[in-house]
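J.: Here it is, the structure in full.
Values quoted throughout were computed directly from the atomic coordinates according to the rules given, and no laboratory measurement underlies them. These numbers were taken from a predicted model, which means no experiment stands behind them. Here Cβ is always computed from backbone atoms with ideal geometry, including for glycine, and neighbour counts include all displayed protein chains.
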Amino acid sequence: MDGRESEAARLWGAEDVEDRVRVVIAEDSVLLREGLTRLLTDRGHDVVAGVGDAEALVKTITELHDQGELPDVVVADVRMPPTHTDEGVRAAVRLRKAHPGLGVLVLSQYVEERYATELLAGSSRGVGYLLKDRVAEVREFVDAVVRVAQGGTALDPEVVAQLLGRSRKQDVLAGLTPREREVLGLMAEGRTNSAIARQLVVSDGAVEKHVSNIFLKLGLSQSDGDHRRVLAVLTYLNS
């Protein structure tokens, strides 16, 4: 372990360094791109490339894949050159289809429901959608990058609120109680049962009961395994 890794281990705990992930950052703002790189490298992670547009992102990932060095996760802005509309999320969707094992975390200035839905509607593992403001919450942002890299999900609370708000109008979630919807929203953010219990100030057992009821009401069987946590959040997207 070199000096930087030792310092990261001292400040953030050995677990963070042991969970080191390889990241490619796609962000046209040089200042933000360099800032994200510093946040991640200072905590023991490897930023293997940084690019400024969607075309360069796809090219870089393709080259790394051909070299047998596919990163664990891509962090990409939704809006990128040349039109600054949806190039970033289009590239993210394309990369998820081409490389199912690649985690994708997109950053957006605002909640853009159509883009969030498109990104989430395919595979339900290794995906995240955060507002850029969340980057200021450094520890939570870095945890989200790691979680997505390891196949988990990280959805911004405001994104979850909008998507679940729309979904309440649909029959698929009609059977959930208000508390179960609240638990489902926290699940969508990527929180564990223990974290949900702390947030709601209830016991772990109470959360486990709510989660079991959610799975039952959404028709998710035990054969779906841990995947059910994400499937529960995504069920309404395909309804």
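J.: How big is the dipole moment of region 36-192 about its Cα centre under a simple scheme where the beta carbon of each Lys and Arg is +1, that of each Asp and Glu is -1, and everything else is neutral? Debye, nearest 20, please.
T.: On the way: 20 positive and 24 negative charges, 92 e Å.
The dipole magnitude comes to about 440 debye.
J.: If the chain between Ser29 and Glu69 were fully stretched, how many nm would it gain, using 0.36 nm times the residue separation less the Cα-Cα distance? Don't skip to the end; give the middle numbers.
T.: Values: separation 40, 0.36 × 40 = 14.40 nm, distance 2.54 nm.
Result: 11.9 nm gained on full extension.
J.: Next up: What value does region 50-167 have for Rg/Rh, both radii from Cα atoms and Rh as Kirkwood defines it? Before the final figure, lay out the partial values.
T.: On the way: Rg = 13.4 Å, Rh = 14.2 Å.
Dividing the radius of gyration by the Kirkwood radius yields 0.95.
J.: Okay, moving on. At 0.36 nm per residue, and after removing the present C-alpha to C-alpha distance, how many nm does the segment from Thr62 to Tyr110 gain when stretched out fully? List each step's numbers first, then the result.
T.: On the way: separation 48, 0.36 × 48 = 17.28 nm, distance 2.90 nm.
Length gained between Thr62 and Tyr110: 14.4 nm.
J.: Could you run the Karplus curve 6.51 cos²θ - 1.76 cosθ + 1.60 with θ = phi - 60° over region 22-32 and give me ³J(HN,Hα) per residue in whole Hz, x for Gly and Pro?
T.: So the Karplus estimates, Gly and Pro as x, are 9, 10, 10, 10, 10, 7, 6, 7, 4, 4, 5 Hz.
J.: Rg and Dmax of region 24-66, Cα atoms, in Å?
T.: Expressed in Å, the Cα Rg and Dmax of region 24-66 come to 10.6, 29.
J.: Pairs Lys97/Lys209; Lys97/Lys217; Lys59/Lys97: which exceed 26 Å Cα-Cα?
T.: Values: Lys97/Lys209 35 Å; Lys97/Lys217 30 Å; Lys59/Lys97 15 Å.
Over 26 Å Cα-Cα: Lys97/Lys209; Lys97/Lys217.
J.: Please turn the phi angles of region 173-189 into ³J(HN,Hα) values with the Karplus equation 6.51 cos²θ - 1.76 cosθ + 1.60 (θ = phi - 60°), one per residue in order, whole Hz, x for glycine and proline.
T.: 10, 4, x, 7, 6, x, 5, 5, 5, 5, 5, 4, x, 5, 4, 5, 6
J.: Hey, fewest Cβ within 10 Å first, where do Lys217, Lys97, Lys209 land in order?
T.: Values: Lys217 17, Lys97 10, Lys209 14.
Final ranking by Cβ density, sparse to dense: Lys97, Lys209, Lys217.
J.: With Cβ to Cβ distances under 9 Å as the rule, what net charge do the other residues near Val23 carry (K, R +1; D, E -1)?
T.: Here the count lands on -1.
J.: 5 Å is the cut-off here: which amide hydrogens, built 1.01 Å from N in the peptide plane, fall below it relative to Met80, excluding neighbours closer than 5 in sequence?
T.: Here Thr85, Asp86, Glu87, Gly88 satisfy the definition.
J.: Report the full-extension gain for the segment Val138 to Lys97: residue separation times 0.36 nm, less the Cα-Cα distance, to one decimal in nm.
T.: This chain segment gains 11.8 nm when fully extended.
J.: Amide H neighbours of Gly103 under 5 Å, counting only residues 5+ apart in sequence or on other chains, H built in-plane at 1.01 Å?
T.: So Gly103 has HN proximity to Val73, Val74.
J.: Which order do His84, His99, His65 fall in if you start with the one that has the fewest other Cβ atoms within 10 Å?
T.: On the way: His84 12, His99 18, His65 15.
Sorted ascending by nearby Cβ count, the order is His84, His65, His99.
J.: Can you put Phe141, Phe215 in order, fewest other beta carbons within 10 Å first? Could the numbers behind the result be given before it?
T.: Values: Phe141 21, Phe215 17.
By the 10 Å Cβ count, ascending: Phe215, Phe141.
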